[in-house]
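First up is the structure itself, then whatever we jot down about it.
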Amino acid sequence: MRLIIDTDTAGDDCFSILLAAARPDVTLEAVTICNGNIDFDQQVENALVTLEVAGLAGRVPVHPGCPRPLLREPVDAAYVFGQDGMSDAGFPRTAQRPEVSHAVDAIIDLVMSNPGEITLLAQAPLTNIALAVSKEPRIAKALKHLWIMGGCDNGIGNVTPAAEFNFYVDPEAAAIVLKAGFSISLVTWTLSLTDSLLTEAELSDIAAIGSERAAFFTTVNAASVAFSQARYGHGGTLHPDALACACAVVDGVVTRTEACLVQVETAPGLTRGYCSVSSSMLPDQEEADPALGKAPPPNVRIVKAVDRERFRRALIEALR
């Protein structure tokens, strides 16, 4: 697999990169940076540090992208990951520096130069992807597949009751991407709540591995552990980005999917960023209310179930 990771590098985003980098059948073509979790420039530095830990320093370009959402003011999650997104560990500056070319142009160039060959994992707000497909609509069909970590599957969000962070931060971008004609698989926050959790015992097992990557994981994850202890009363942590990566690159992790119509609410108010997911349980909307008209066809493959143990093993192997 030839892979681009579009990321707002902090916490679990780093572990997703490590997981992809450890797969012998994955070639990481580029890392592109989008607004999101923390200060934008720090996200760039975190990606460079993570590639160095992964043994890919100087071999994978890092392209800075959009430092803010399309329309709204930026929203961050430093309260979860620390001000530097790495539990305020203070990692030194790497020798590798980011590329001059913008992430949007890098995505377009890579996809259009290699039609049908590039897979893209989007684990940040979708600003970069929305601008790329707006600038060059042909990438929607030229991209092999788009994996997205974002949204909820008729569940509770992690910013508001209605909205997951990535879709909440830039719902206009999410709406553009979902309508653009990409082949999409969506790994939701709803799924991650049940299947991306690493328990305190599992985190202790990772710390005991003793490798540089396991030590990096434990250091970077410390703020998330503290957040979980304070908020939920336990030291387990959720890893939605690493789960999305495993779904994309590890055979057998995805065990059940459903083709669905997914739409994103962009209007202001309580449901801004809400991810509406169709269900086979619903009646045809034109029968329920003729005024609604016929619904558009499914546009997304929702990942409904995963092999959690296979995901956990893949992540642990990547940290050895």
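The values are calculated or read from the model by the stated rules, or taken from the named source; none is laboratory data. Note that this is a predicted model, so its numbers are computed, not measured. Reconstructed Cβ throughout: ideal geometry from the backbone, glycine too, with neighbour counts over all protein chains shown.
Summary table below
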| item | result |
| --- | --- |
| Checklist (1) closer than 26 Å to PHE91 by Cα; (2) within 17 Å of the chain's Cα centre (by Cα); (3) not acidic (Asp, Glu) applied to VAL253, failing item | (1) |
| Number of the condition not met by PHE167 [criteria: (1) in a helix (DSSP H, G or I); (2) more than 22 Å from ASN35 (Cα to Cα); (3) not small (Gly, Ala, Ser)] | (2) |
| The one condition in (1) hydrophobic (A, V, I, L, M, F, W, C); (2) surrounded by fewer than 23 Cβ atoms within 10 Å (Cβ to Cβ); (3) more than 23 Å from GLY150 (Cα to Cα) that LEU51 fails to fulfil | (2) |
| Residue, surrounded by the fewest Cβ atoms within 10 Å (Cβ to Cβ), within the stretch 87-143, restricted to residues that are assigned to a loop (DSSP other than H, G, I, E, B) and hydroxyl-bearing (Ser, Thr, Tyr) | SER101 |
| Extreme residue, surrounded by the fewest Cβ atoms within 10 Å (Cβ to Cβ), among residues of the stretch 54-67 that are more than 18 Å from the chain's Cα centre (by Cα) and aliphatic (A, V, I, L, M) | ALA57 |
| Lone qualifier among GLY233, GLY273, GLY252 - being among the small types (Gly, Ala, Ser) and at pLDDT below 95 | GLY233 |
| Within the stretch 170-214, tally of residues that are within 17 Å of SER276 (Cα to Cα), in a helix (DSSP H, G or I) and not acidic (Asp, Glu) | 11 |
| Residue in the stretch 223-234 that is farthest from LEU197 (Cα to Cα), counting only those that are of a type in the set (Gly, Ala, Ser) and surrounded by 18 or more Cβ atoms within 10 Å (Cβ to Cβ) | ALA223 |
| Test: residue in the stretch 116-125 that is closer than 25 Å to ALA30 by Cα and of a type in the set (S, T, N, Q) | yes |
| Residue that is closer than 24 Å to PRO171 by Cβ, of a type in the set (Asp, Glu), in contact with a Ser or Thr (Cβ under 7 Å, 6 or more places away or on another chain) and touching a residue at least 12 places away in the same chain (Cβ under 8 Å), where the choices are GLU265, GLU258 | GLU265 |
| Near pairs, Cβ below 6 angstrom, 6+ apart or cross-chain, from the stretch 126-151 (under 17 Å from GLU29 (Cα atoms)) to any residue that is of a type in the set (S, T, N, Q) and surrounded by fewer than 24 Cβ atoms within 10 Å (Cβ to Cβ) | LYS144/THR119; HIS145/THR119; HIS145/SER183; TRP147/SER185 |
| Any pair with Cβ under 7 angstrom, 6 or more apart, that starts in the stretch 168-180 at a residue that is of a type in the set (Gly, Ala, Ser) and ends at one that is surrounded by 24 or more Cβ atoms within 10 Å (Cβ to Cβ) and not in a helix (DSSP H, G or I) | ALA173/PRO125; ALA173/LEU126; ALA174/LEU126; ALA174/GLY150; ALA174/VAL264; ALA175/VAL264 |
| Residues satisfying the stated conditions in the stretch 173-230, i.e. of a type in the set (D, E, K, R) and under 28 Å from ARG68 (Cα atoms) | LYS179 |
| Cross-chain or 6+ apart pairs with Cβ under 8 Å, the stretch 289-312 first and at positive phi, then charged (D, E, K, R) | GLY293/GLU286 |
| Verdict on ARG72 being surrounded by fewer than 19 Cβ atoms within 10 Å (Cβ to Cβ), out of contact with any Leu (no Cβ under 6 Å at 6 or more places or on another chain) and modelled with pLDDT under 95 | yes |
| Qualifying residue in the stretch 144-156 (condition: surrounded by 24 or more Cβ atoms within 10 Å (Cβ to Cβ), in contact with a Leu (Cβ under 9 Å, 6 or more places away or on another chain) and in a helix (DSSP H, G or I)) | no |
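Table: residues versus (1) free of Cβ contacts under 8 Å to residues at least 60 places away in the same chain; (2) of a type in the set (Asp, Glu); (3) part of a strand (DSSP E or B).
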{"residue": "PHE15", "(1), (2), (3)": "no, no, no"}
{"residue": "ALA21", "(1), (2), (3)": "no, no, no"}
{"residue": "GLU29", "(1), (2), (3)": "no, yes, yes"}
{"residue": "THR32", "(1), (2), (3)": "no, no, yes"}
{"residue": "ASN37", "(1), (2), (3)": "no, no, no"}
{"residue": "LEU51", "(1), (2), (3)": "yes, no, no"}
{"residue": "GLY55", "(1), (2), (3)": "yes, no, no"}
{"residue": "GLY58", "(1), (2), (3)": "yes, no, no"}
